[in-house]
Amino acid sequence: DAKTTQPNSMESNEEEPVHLPCNHSTISGTDYIHWYRQLPSQGPEYVIHGLTSNVNNRMASLAIAEDRKSSTLILHRATLRDAAVYYCILRDVQNAGNMLTFGGGTRLMVKP
Amino acid sequence: DSGVTQTPKHLITATGQRVTLRCSPRSGDLSVYWYQQSLDQGLQFLIQYYNGEERAKGNILERFSAQQFPDLHSELNLSSLELGDSALYFCASSVALVDNEQFFGPGTRLTVL
């Protein structure tokens, strides 16, 4: 399985943008890039996903490098509620199932 | 609230015992997934069911088994429990067999003493 590398932790100030990086140099052509986050004492929560083009939704933006070997999750204005562990996950659509393989993720701390 | 429910929220038991964790997926979702989250292993995929049939298996121990019933709820059975089985167990669901978004429940915290 293709793997992802993320910083263990990052810090941000409230109401400022946050850029969470993810490296996936062994990504294959059939891998989608997914981001999930896990708030304290909760189950993971879907954030966004993409294949080749940049994506925007109400929660965040996903910027994907042209060679797809890295991506960045962008939170446009961090709030205290965004403090969570953010997981960058590659999902191979050729898999018979739909399993998510979680790595260590990035713990985002948001300062007021 | 994701719409996925799990019971019980907490479970404390002893080594060697057997427990059953229950999951009700979101209305209309046919796929159910089980994940284990422990301090040393992180979040690991265990197994996926789709419309009653097992469709994918991860690092699930032989002592663990699961099933999905006709009403689509699922149960994860853990037997001959060991101290190392203490973890958070999450259930997730999605509409289809292959889906872009999985909805996770609040988890069941299992403590084996």
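Derivation of every value follows stated rules applied to the coordinates shown; laboratory data play no part. Small disclaimer: the values here were computed from a predicted structure and weren't measured. Here Cβ is always computed from backbone atoms with ideal geometry, including for glycine, and neighbour counts include all displayed protein chains.
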key: Distant-in-sequence amide H partners of B:Arg55 (H built 1.01 Å from N, under 5 Å)   = B:Gln48, B:Tyr49, B:Tyr50
key: Candidate aspartates and glutamates for bridging to A:Lys3, where Cα separation is under 19 Å - those fewer than 8 sequence places away on the same chain excluded   = A:Asp31, A:Glu66, A:Asp67, A:Asp92, B:Asp40
key: Beta bridges by DSSP in the protein assembly as shown, antiparallel share as percent, to the nearest 5   = 90 percent
request  = Would you kindly calculate the mean projected area, averaged across all directions, of the convex hull enclosing the Cα atoms of chain B, in square nanometres?
outcome  = 6.4 nm²
Size of chain A as Cα extents on the principal axes (Å, biggest first) = 43, 30, 24
query = Do you know the relative contact order of segment A:1-88, to the nearest whole percent, from alpha carbon pairs under 8 angstrom that are 6+ apart?
reply = 35 percent
request  = Please work out the ratio of the alpha-carbon Rg of the protein assembly as shown to 2.2 N^0.38 Å and round it to two decimals.
outcome  = 1.02
request  = In debye, nearest 20, what is the charge dipole magnitude of the protein assembly as shown about its Cα centre with +1 on Lys and Arg Cβ and -1 on Asp and Glu Cβ, if you could check?
outcome  = 260 debye
query = What residues qualify as long-range amide H neighbours of B:Asp99, i.e. H under 5 Å apart, gap of 5 or more or another chain, H built at 1.01 Å from N?
reply = none
